[in-house]
Amino acid sequence: MSRIILRERHSKHDKKPAEFYAPDEAHDFHTDFGTISKADLKKGGVVSIGKETFTIMPPSFIDTYSRLGRGAQVVHPKDIGLVIAETGLGKDSLVLDIGAGSGFSASLFARIAKEVHAYDIDDRNLKKSKENIKELGIKNITITKGDVYDAATIKEKDIDLFFLDVPEPWRALTTAKNVLKSGGFLVAYSPCITQTMQTIEALDSSFLHLRTVEVMLRDWKVQGQAVRPESKDFQHTAFLSFIRKV
């Protein structure tokens, strides 16, 4: 079993603790601060090496998720969080994730939804997403090669959430109409506002455009009296258009 290792801060003014990821507990783990024995890895808890103190614990889902291999650009969790909240995704929901990439968005949806069907047209993305889903131990995701622009290739029906991360989302509207249940949500994820404009303009009377938003995220430095925004803000990732089948 893998392990997360945190090096204790020496003072409250230190930056966040150094974090290491031991891939297994069958071998000693070597760091710049010393070696942690496989016996200590297996036992877990607090371990001291010289002047350094480490806390060893099993990784949670998000620890493993944050270390997954990436191929295509991934959807940021801040955007996935809003999609889940705005669509009311739950344990009975069926999700279509189009443009699966490395499987990051499908993995987060699958933590909540009943079932996720993820599609991509790139064999490299399909391979990477399958590897990542296996690493996370997720059982309720199906990965399939398919072209969302060709409605005949997507067979699912009565979908609650159709998440669309492709270059030309307006070309997938016929597929969305075919697979979504009445009242189901289409969410188009588009880095450029021109993509968003063209998608909204292409909607017919089967769809109701609810809103288009972008989620802004800003980290803050909080160290003693030094309290200010971090210089490297994570701002724009994409526009999210929330559309409902009516």
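Where a number appears in this text, it was derived from the coordinates with a stated rule and is not lab data. In this text the structure is predicted, and so the values were computed from the model without any measurement. FYI the Cβ positions are ideal-geometry reconstructions off the backbone, even for glycines, and counts take in every protein chain you see.
Listed values, structure above:
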quantity: Cut-off 12 Å between beta-carbons: net charge of the residues surrounding SER205, Lys and Arg +1, Asp and Glu -1; calculated: +1
quantity: Over 19 Å (Cα to Cα) - which of LYS134/LYS157; LYS91/LYS155; LYS157/LYS245; LYS114/LYS181 fall in this group; calculated: LYS134/LYS157; LYS91/LYS155
quantity: 5 angstrom amide H check on PHE239, placed H, neighbours 5+ away; calculated: SER190, CYS192
quantity: Likely footprinting exposure, TYR21, TYR149, TYR189, fewest C-beta neighbours within 10 Å first; calculated: TYR21, TYR149, TYR189
quantity: Charge-dipole axis of the stretch 65-245 as Lys and Arg at +1 and Asp and Glu at -1 on Cβ define it, positive-most pick from GLY224, SER182, ALA110; calculated: GLY224
quantity: Shape of the chain, Cα gyration tensor, a/c cut at 1.5; calculated: prolate
quantity: For the stretch 65-245, with +1 on Lys and Arg beta carbons and -1 on Asp and Glu, the positive-most of ALA151, PHE162, GLY88 along the dipole; calculated: GLY88
quantity: Over the stretch 65-245, relative contact order from alpha-carbon pairs under 8 Å, at least 6 apart, %; calculated: 18
quantity: Acute angle (nearest 10 degrees) that the helix 77-87 long axis makes with the longest principal axis of the chain, alpha-carbon atoms; calculated: 40
quantity: Shape call, the stretch 84-210: gyration tensor on alpha carbons, a/c limit 1.5; calculated: prolate
quantity: Helix-only CD estimate at 222 nm, as mean residue ellipticity for the chain, using -39500 (n - 2.57) per DSSP H run (n ≥ 4); calculated: -6500 deg cm²/dmol
quantity: Amide proton proximity set for LEU186, modelled H, under 5 Å, gap of 5+; calculated: PHE162, ILE243, ARG244, LYS245
quantity: Label-reachable residues, the stretch 86-112, where backbone N falls under 19 Å from a point 7 Å from ARG211's Cα toward its Cβ; calculated: 86-90
